[in-house]
1. Among the residues of the stretch 70-82, are any modelled with pLDDT of 95 or more, open to solvent by 100 Å² or more (accessible area, probe 1.4 Å) and more than 18 Å from Leu26 (Cα to Cα)?
2. Taking the stretch 41-50, which residues are open to solvent by 50 Å² or more (accessible area, probe 1.4 Å), in contact (Cβ under 8 Å) with a residue 24 or more places away in the chain and closer than 18 Å to Ala84 by Cβ?
3. So for the stretch 27-40 (the condition being modelled with pLDDT under 90 and either open to solvent by 100 Å² or more (accessible area, probe 1.4 Å) or not hydrophobic (A, V, I, L, M, F, W, C) (or both)), does at least one residue qualify?
Amino acid sequence: MQNYEKKPVGSMDGTAPDFRGNDGSLVSVLKTLLFFTILMITLPIGLYFASKSFLFEGFLGYSNNDSYFYAAIVAVLAVHVVLALFVYVAWNEGSRQWREGKQD
């Protein structure tokens with residue numbers, strides 16, 4: 001038989017569990033997600049209008065209809081670049097957290 005002693009609720013082994021690592025990683029993940037969300041909204045739209053006005057109509061002299069088409073291609077490429085960067089950052093962030101957890 002084992003001897004179980006009753007202890008008051010407030011007198012555990014002296015230290016409370018430390019959950020700051022989980023909160024820190026959650027904040028880091030949310031910051032990364034927010035950054036890429038803002039980038040996903042602003043970059044393609046900004047590149048669309050900037051490339052349409054300045055690059056295709058202004059510098060290259062394309063017609064209005066042609067500049068719509070080529071600016072849309074630039075915006076789609078920007079979406080793909082942002083998605084690829086997000087996957088790369090998320091992959092490295094996950095492996096870094098896994099390595100830090102593995103060393104504990």
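The values are calculated or read from the model by the stated rules, or taken from the named source; none is laboratory data. This structure is a prediction, so every number in the text was calculated from the model and none was measured. Positions of Cβ are generated from backbone atoms using ideal geometry, with glycine treated the same way; all protein chains shown enter the neighbour counts. What goes into the accessible areas is simple: the full protein's heavy atoms, side chains included, and nothing from ligands, DNA or RNA. Shrake-Rupley method; radii C 1.70, N 1.55, O 1.52, S 1.80 Å.
1. Yes: the stretch 70-82 contains one or more residues that are modelled with pLDDT of 95 or more, open to solvent by 100 Å² or more (accessible area, probe 1.4 Å) and more than 18 Å from Leu26 (Cα to Cα).
2. Leu43, Leu47
3. yes
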